[in-house]
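First comes the structure, then the notes that go with it.
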Amino acid sequence: MNNPRTFLLVALFALVYLIWSQWQIDYAPQPATAASTAPQVAAGQTPAPIPSSAEIPQAGPVATTATTQVPPAAAGEAPTTDPVIVQTDLLRVEIDPRGGSVISAELLAYPEQPKQPERVRLLSPEPDSYFVAQSGLVSNTGPAPNHQSLFETASHSYQLADGQNRLEVPLTWRDASGITVTKTFVFERASYVIEQTQKIDNQSAAAWSGNAYRQLQRVPLVIDTSGIKGYTNTARYSFMGAAWYSPEEKFQKLAFDKFGKEPLKKEVTGGWIALLQHYFFAAWIPPATETEQFSSETVATSGPPRYLVRGMSPPISIAAGTSGTLSARLYVGPKLQSTLDDLAPGLAKTADYGIFTVISEPLHWLLSQFHKLTGNWGFAIILLVLLIKAVFFKLSEAQYRSMAKMRKMQPRVAALKERYGDDRQKLNQAMLELYQKEKINPLGGCLPMLVQIPVFLGLYWVLLESVELRQAPFILWIHNLTAPDPYYVLPILNAATMLATQFLTPMTGMDPLQAKMMKFMPLIFSVLFAFFPAGLVLYWTVNGALGLLQQWIITRRIEGAGKPLAAAAK
């Protein structure tokens, strides 16, 4: 097994992996899109979507329907359904007075496209991109405002002023029985966390008991998968669906097409629930000491079905004449791995690297440290290559020494081929004896290249999933390391590096078919890399160039061994 054969093995492995990934995207079962209707299934299989009335959970055997009657407004309050607009340094949020639901969230630090004014809109009430964060109360002993009840608000516009670090947005619901609920949203500077409290003031004649619930509901995004642009759209490779965390099971995922087959229904203490998409997510984080009932539902609508995840608090009882408060945090923002675990355990896992997590997470950490030094993610990738090259320097040196010795032995191998002709058994035996005599290890070229495979694929997922690298520029023509090179310069440079490496690589023992495949490899990889993120091609090109330099130096030394010093110096 010499290095060319290993290279073919590596190339075959990479191609099979990419073809498998593409097959999963194109042919694996997909959830309904905006153009479809609620799915129908046979009896005994996935259950049909539940009625939309089940968006409101039950507190007990029979839940009391919350009244939506609103008493006359107090001075300065406006019981209308116009959204309450809140703007901070990072978020522009719209809160619907009907239910106090967060129906829109724009992430002001993240443009949809580089140098464009439109910002990423994570939450949206629009039918084709519906994604909202809802909350409410349910009770079997008295009235309770759910996410369809109408609240009062003192203002429809709030803004975090310069020098202000905290902003409170209260909404109030009142019932004629004496029950008043104040739902308050608290925003803080430099934070994507929205703290929510529901204060229940019971001035009725009887005790009140019930539960708080918080839920996320959305339709799947329709992602362009057509043509070249669709193929290079990295969002199509990222997981989109539900996720939750529990101290016992850790991070778990539930794809939209699994909602009917494997519904979520668990009691969890110290966990959270979320809906994920590429680079961004929304999550409800209850108090760490609270035992919540997590569940998932598929909600039927006149259009596409909606997918819902919910957390239900334990019962709370409030005596007449007293009050009580239920709280939770809503995260609406990017998958920033350096800070998420400070908010809740396991929250950084929302940046999902799949089976390569054990490799991708350390790579992301290293890149982050190098970025602190350079301020540029492209140079951080180059420093990562240098570090990996340094770690595997001796291993690579052994590889290139073995290859150089094999290259030097080519005339003797050619003589053996001529002597034994088509007798492959005798030829292989003679070559083995030659390798043993000259202390050449034919397997020396395998391990260093095989080690690079998991690093390469791990970095591939770092570039796909890490929001820190989203739209990150490098230098000159590369304005986005997570998008393909617009002028294909890096794929061409990589092909040139591969051609030069081939020139130094011995073809000893290769049959004509393998030799032809080797000649086409630079072309194949240059075409393949034309669709890869520029950051990944940058890594592979720099890695190949450094390997070529090391191989050239060692080859010169080995081929010059035994020659007069003066001749070797020329």
Exercise. (1) over 17 Å from P411 (Cα atoms); (2) modelled with pLDDT under 70: which one isn't true of L459, the others all being true?
Worked result: (2)
Exercise. Can you tell me which residues in the stretch 240-264 are touching a residue at least 60 places away in the same chain (Cβ under 8 Å) and among the basic types (K, R)?
Worked result: K250, K253, K261
For this session: Would you mind listing the strands (runs of 3 or more DSSP E) fully within the stretch 86-201 where at least 1 residues are among the aromatic types (F, W, Y) and more than 30 Å from S338 (Cβ to Cβ)?
Result: 166-174
For this session: Report, ordered by the first and then the second residue, all pairs with beta carbons closer than 8 Å, sequence separation of six or more or different chains, a first member in the stretch 360-373 that is basic (K, R), and a second member that is part of a helix (DSSP H, G or I).
Result: none
For this session: Scan the stretch 105-132 residue by residue and report those that are under 17 Å from L167 (Cβ atoms) and either open to solvent by 10 Å² or more (accessible area, probe 1.4 Å) or free of Cβ contacts under 8 Å to residues at least 40 places away in the same chain (or both).
Result: E106, L108
Exercise. Which members of the stretch 398-418 meet the condition of being open to solvent by 40 Å² or more (accessible area, probe 1.4 Å) and either modelled with pLDDT of 95 or more or farther than 22 Å from W540 by Cβ (or both)?
Worked result: R401, K405, R407, K408, Q410, P411, R412, A414, A415, K417, E418
For this session: Kindly provide the set of residues from the stretch 465-495 that are in a helix (DSSP H, G or I), within 15 Å of W540 (Cβ to Cβ) and in contact (Cβ under 8 Å) with a residue 24 or more places away in the chain, ordered by number.
Result: L490, P491, I492, L493, N494, A495
Problem set entry | the stretch 287-307 - residue that is among the hydrophobic types (A, V, I, L, M, F, W, C) and either surrounded by 22 or more Cβ atoms within 10 Å (Cβ to Cβ) or farther than 19 Å from S135 by Cβ (or both) and, of those, modelled with the lowest pLDDT | A300
For this session: Among residues belonging to the stretch 328-383 that are surrounded by fewer than 21 Cβ atoms within 10 Å (Cβ to Cβ) and aromatic (F, W, Y), point out the one that is farthest from Y110 (Cα to Cα).
Result: F356
Exercise. With T298, T339, T289 as the choices, which residue is β-branched (V, I, T) and part of a helix (DSSP H, G or I)?
Worked result: T339
For this session: Would you mention how many residues in the stretch 151-190 are of a type in the set (A, V, I, L, M), surrounded by fewer than 20 Cβ atoms within 10 Å (Cβ to Cβ) and touching a Gly at 6+ places or on another chain (Cβ under 9 Å)?
Result: 1
For this session: Kindly indicate whether I56 is surrounded by fewer than 22 Cβ atoms within 10 Å (Cβ to Cβ), under 19 Å from W284 (Cα atoms) and modelled with pLDDT under 85.
Result: yes
For this session: State whether one or more residues within the stretch 350-365 are modelled with pLDDT of 90 or more, assigned to a helix (DSSP H, G or I), within 22 Å of L216 (Cα to Cα) and out of contact with any Ser or Thr (no Cβ under 7 Å at 6 or more places or on another chain).
Result: yes
Problem set entry | Within the stretch 104-135, tally of residues that are among the aromatic types (F, W, Y) and farther than 12 Å from F280 by Cα | 2
Seminar exercise, completed: Among the residues of the stretch 254-283, the number that are within 15 Å of R218 (Cβ to Cβ) and not hydrophobic (A, V, I, L, M, F, W, C) is 3
Problem set entry | Residue list for the stretch 537-570, restricted to those being open to solvent by 60 Å² or more (accessible area, probe 1.4 Å) and modelled with pLDDT of 65 or more | L549, W552, I553, R556, R557
For this session: Could you please find all residues in the stretch 202-240 being touching a Pro at 6+ places or on another chain (Cβ under 8 Å), closer than 28 Å to T482 by Cβ and either in a strand (DSSP E or B) or at pLDDT 95 or above (or both)?
Result: none
Exercise. Any idea which of L395, L386 is more than 30 Å from V332 (Cα to Cα), modelled with pLDDT under 75 and either among the basic types (K, R) or surrounded by fewer than 17 Cβ atoms within 10 Å (Cβ to Cβ) (or both)?
Worked result: L395
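The values are calculated or read from the model by the stated rules, or taken from the named source; none is laboratory data. Everything quoted here is computed from the prediction, not taken from an experiment. All Cβ positions, glycine included, derive from the backbone under ideal geometry; neighbour counts span all protein chains shown. To get the accessible areas, we keep the full protein, side chains included, count just its heavy atoms, and leave off ligands, DNA and RNA. Shrake-Rupley method; radii C 1.70, N 1.55, O 1.52, S 1.80 Å.
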